[in-house]
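None of the figures in this text is laboratory data; all of them are computed from the coordinates on show. These numbers come from a predicted model, not from an experiment. For neighbour counting, all protein chains shown are included, and Cβ atoms are generated from backbone atoms with ideal geometry for every residue, glycine included.
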Amino acid sequence: MSRPLLEVRDLTLRYQTMQGSLTAVDSVSFSLDRGQSLGLVGESGGGKTSLGLALMKLLPENSKLTGGRILLDGVDLFHLDENQMRPYRWNRISMVFQAAMNSLDPVYKVGEQIAEAIEAHQSVSHHQAMSTVGDLFDLIGLDRNFMNRYPHEYSGGMKQRAVIAMALSCEPDLVIADEPTTALDVISQDRILRQLRLLQKQLNMAMIYVTHDIGVVAEVTDYVGVMYAGQLVELGKTSEVLSSPRHPYTAALMSSFPSVTGEKKELVVLEGEPPDLTVESEGCRFADRCAHSTDMCRIIQPTLVDHLGHRYACWNPQDGALERPVTHRTELPSGDVNGVPTR
Amino acid sequence: MNPHDVEVVDTAPLQVSTDTNDASVGTLLEMQEVSKRFAMSGGFISRRKSYLHAVDDVTLKIPRGGSLGLVGESGCGKTTLARLALRLIEPSSGSVTFHDFQNGPVDVATLNGRQLKAFRSQAQMIFQDPYQSINPRFTVFDAVAEPLVVQGVGNILERRHRVSEMLEMVGMSPAEGFLFRYPHQLSGGQRQRVAIARALVLGPALVVADEPTSMLDVSVRAGVMKLMNDLRRDLGIGYLYITHDLATARYMCDQIAVMYMGKIVESGETEDLLRNPKHPYTKALLSAVPVPDPSYVRPEVEINGSVSAPIDPLDRCRFYERCPMAIEFCKAAPHPGLEPKGDGRLAACYRI
């Protein structure tokens, strides 16, 4: 069997805060092959972004990876120091940061910024780097003329594309995209997601999408991991997890999400708040908010168990028969068709 | 919901307004051919001024106790329209009529001094970002009581009572535990609840909500949406609900108006409009929403280009350049009017 591109085993990340130390990423394990994508969903504070940063080892001062392994093509990144990490960042793993709007420097031309990133990681001339930037602009669907413009001349969608171009600039094996389209409106979001999906397949990259939008997960990912309080509580094929969620948290997350298609369902409000991570607890971290919790849940923590590739950590898994409404939607008329067929 | 069925629960001992079941049952706010143009500087050499037509000839009605959703991409003029409705800015032309509790219809543009202050107690706003809309140096009590202080309602004890009541109403219970907390001690959802309590403390008939849930986390969002719906039902408040998210609008609004470059291009009953959109822009917007169903294959969005700013726009359909259905006629004709297209639907398109 071939080795997966990325294999994460029992990765644990702890933060030291004024309130005490907390575990932001708690023994997370998963693997990902080339050409495949994984969505990470959950509430804010669930550890999605921390996990993304941990994979690149771009961690804030008050944090520490306390255990686990990050195997990229068999090389364990966990023990590498800053200098040893440098060849991996951007060349092998890159990231599209949250709020991409603000991750461009306002006083540099966008083309120059991307070229600078390339020159920092590869031994190429400025001229070569700029020509790569041109190719990247074509690839991501930006006008080459915009290479010589400043970020303020870009629209939100264009900035997002520029930041994605930068992430792809060194042809990485793995791209981590942290809420890549959250700030955009639906039409730009649609275009960028389609393009990312296409590029990912074309370049045979692995991608990790961090998002809170289950619609986005359904459309662009092959696998999905649901994070709660730093733990991966459910993991499996996207089609399977979303059509039959086993963990009550996944089910609750899905039913609190308004949908524009299908029958209008009552939104279910997930009461309570995520647990205080500075307090160590036995038992399932979701137990207090869970409608199906039993005494057992409060005493012993469930671990992620594999059921034919669909993994979940729950003592009382749901039968998965989540009511999926029949999707009916109007189709767009093509060209000059006047009528609107309704399905 | 039928506005006639609205039950007005008078919970407020010091409510400013009283009876909402007067002769003007039906319409709460009416905007007639409202436009707002912003002058753009023409540079040093050119003296010619150009204008950004942020809101152009918009007519809409919000029924008492009803909820109208205003949907569109960023930059389409939604927020400008909201600000016009509340007279936070003055319209360039057109009129905004508020159907007052006692005095019958009033033209919002002519209000001044005391009347304007009375209008403000009746029409309130909830902003998008609860991290910015609440003064960080105010306690929860200060924030929620401020409108009462401004309007000179009640004494300190009555205010305290009213604020506690409001906090309980928005689900911050027990209120005593929250009264003297500062915003930084609250979560995002709790802050937005405080913002809602603050908007509702005077017992307004109209609330303009500008993307009130878009900054909130998924699980919290459903709670705030539900709360706002419950309050509308219980208090008979009318909402002008602004959002870019059609799925949210579906849960919050009886009616939806779709805005594009300052114009309303389609409006109608929510479910009907979502099921059977008529305007090509509405169709595109709808087909771009990701569907949380992995087996569903979404049709391609059939528009190209991106929205530009309506600066001195030509008098023709604003959607012409991006429209998959456009024909030569659309290029030469003036912007189509918002006309009935059957089943109570209005749309501005020559091709429907």
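Kindly provide the trypsin sites (Lys or Arg not before Pro) of segment A:247-307 that DSSP labels as loop, not H, G, I, E or B, and whose Cβ sees at most 16 other Cβ atoms within 10 Å. Working shown, then result.
Numbers: sites: A:Lys264, A:Lys265, A:Arg285, A:Arg289, A:Arg298; in loops: A:Lys264, A:Lys265, A:Arg285.
Hits after loop and neighbour filter: A:Lys264, A:Lys265.
If you take the Cα atoms of segment A:103-171, find Rg, then find the Kirkwood Rh from the mean of 1/r over all pairs, what is Rg/Rh? Intermediate results must be reported in sequence, preceding the final value.
Numbers: Rg = 10.7 Å, Rh = 11.6 Å.
Rounded to two decimals, Rg/Rh equals 0.92.
In a shell of Cβ-Cβ distance under 9 Å around B:Ser95, excluding B:Ser95 itself, what net charge do Lys and Arg (+1) and Asp and Glu (-1) give? Intermediate results must be reported in sequence, preceding the final value.
Values: positive: none; negative: B:Glu30, B:Glu33, B:Asp107.
Residues near B:Ser95 contribute -3 overall.
Each label point is 7 Å from the Cα along the Cα-to-Cβ direction; what then is the distance between the points at A:Ile299 and B:Asn135, in nm?
5.4 nm
May I ask you to sort A:Asp306, A:Asp73, B:Asp100 by Cβ crowding, counting other Cβ atoms within 10 Å and putting the fewest first? Working shown, then result.
Working: A:Asp306 10, A:Asp73 14, B:Asp100 20.
With the fewest neighbours first, A:Asp306, A:Asp73, B:Asp100 line up as A:Asp306, A:Asp73, B:Asp100.
Looking at this model, which pairs from A:Lys201/A:Lys264; A:Lys201/B:Lys283; A:Lys237/A:Lys265; B:Lys36/B:Lys117 are more than 31 angstrom apart at the alpha-carbon?
Pairs exceeding 31 Å: A:Lys201/A:Lys264.
Highest mean first, how do B:305-314, A:218-227 rank when packing is the count of other Cβ atoms within 10 Å averaged over residues?
A:218-227, B:305-314
Can you tally the net charge around B:Gly113? Count Lys and Arg as +1, Asp and Glu as -1, for every other residue whose Cβ sits under 14 Å from the Cβ of B:Gly113. Spell out each step's value before the answer.
Values: positive: B:Arg87, B:Arg114, B:Lys117, B:Arg120; negative: none.
So the environment of B:Gly113 carries a net charge of +4.
Once you place label points 7 Å from the Cα toward the Cβ at A:Ser27 and B:Glu271, how far apart are they in nm?
Result for the modelled spin labels: 4.8 nm.
Excluding the sites themselves, what is the longest stretch of chain B that contains no GluC sites (Glu not before Pro) in a DSSP loop with at most 15 other C-beta atoms within 10 Å?
By the stated rule (loop sites, at most 15 other Cβ atoms within 10 Å), B:8-299.
Given 10 Å bins starting at zero, what is the percent of C-alpha pairs of segment B:229-352 in each, up to the one with the largest pair distance?
In order of increasing distance, the bins hold 12, 39, 33, 13, 3, 0 percent.
Considering only DSSP states other than H, G, I, E and B, which trypsin sites (Lys or Arg not before Pro) in segment B:95-203 qualify as loop sites with at most 11 other Cβ atoms within 10 Å?
B:Arg137
Taking each residue in B:210-220, count the Cβ atoms of any other chain within 10 Å of its Cβ, then average. What number comes out?
If you average over the peptide's residues, the count of other-chain Cβ atoms is 5.
Eigenvalues of the Cα gyration tensor times 5, then square-rooted: what semi-axes does that give for chain A, in whole angstrom, largest first?
They are 34, 28, 17 Å, listed from largest to smallest.
Which order do peptides A:52-58, B:52-58 fall in by mean Cβ count within 10 Å, highest first? Before the final figure, lay out the partial values.
Numbers: A:52-58: 20.1, B:52-58: 22.4.
So the peptides A:52-58, B:52-58, ranked by packing, come out B:52-58, A:52-58.
Which whole number gives the average count of other chain Cβ atoms within 10 Å of the Cβ atoms across peptide A:176-186?
3
For A:Met158, A:Met296, B:Met259, B:Met215, what's the fewest-to-most ordering of other Cβ within 10 Å of each Cβ? Let's see the in-between values first.
Numbers: A:Met158 20, A:Met296 13, B:Met259 24, B:Met215 17.
Lowest to highest Cβ neighbour count: A:Met296, B:Met215, A:Met158, B:Met259.
Let me check the size of chain B from its C-alpha atoms; what are the radius of gyration and Dmax in Å?
21.2, 68
Give me the percent relative contact order of chain A, please, defined on Cα pairs under 8 angstrom at least 6 residues apart.
Contact order relative to length: 19 percent.
Compute the distance from the alpha-carbon center of segment A:144-208 to that of segment A:40-77, in whole Å.
Rounded to whole Å, the Cα centres lie 22 Å apart.
Can you tell me which of A:137-143, A:7-13 comes out highest on packing, and rank the rest after it, using the mean Cβ neighbours within 10 Å?
A:7-13, A:137-143
At q = 0.15 Å⁻¹, what is the base-10 log of I(q)/I(0) for segment B:142-256 according to the Debye formula with one equal point scatterer per Cα and no solvent? Please give it to two decimals.
With no solvent term, the Cα-only Debye profile gives -0.66.
Taking only Cα atoms and a 10 Å spring cutoff, compute GNM fluctuations for chain B and point out the largest among B:Leu186, B:Leu285, B:Leu148.
Maximum fluctuation in the GNM of chain B, among the listed residues, is at B:Leu186.
What ranking of B:Arg275, B:Arg48, B:Arg64 emerges when the number of other C-beta atoms within 10 Å of each C-beta is taken as an exposure proxy, fewest first?
The most exposed by this proxy come first: B:Arg48, B:Arg275, B:Arg64.
Considering only B:Gln115, B:Gln255, B:Gln190, give the residue with the highest GNM mean-square fluctuation for chain B, with springs between Cα atoms whenever their separation is below 10 Å.
Top of the fluctuation ranking is B:Gln115.
Would you calculate the volume per residue, in Å³, of the smallest convex hull containing every Cα atom of segment B:109-183?
It is 110 Å³ per residue.
For the protein assembly as shown, place one equal point scatterer on every Cα, skip the solvent, and apply the Debye formula. What is log10 of I(q)/I(0) at q = 0.08, 0.09, 0.10 Å⁻¹?
With no solvent term, the Cα-only Debye profile gives -0.69, -0.88, -1.08.
Just need the Rg to Rh number for segment A:146-211, please, alpha carbons only, Kirkwood Rh.
Numbers: Rg = 12.0 Å, Rh = 12.5 Å.
That ratio equals 0.96.
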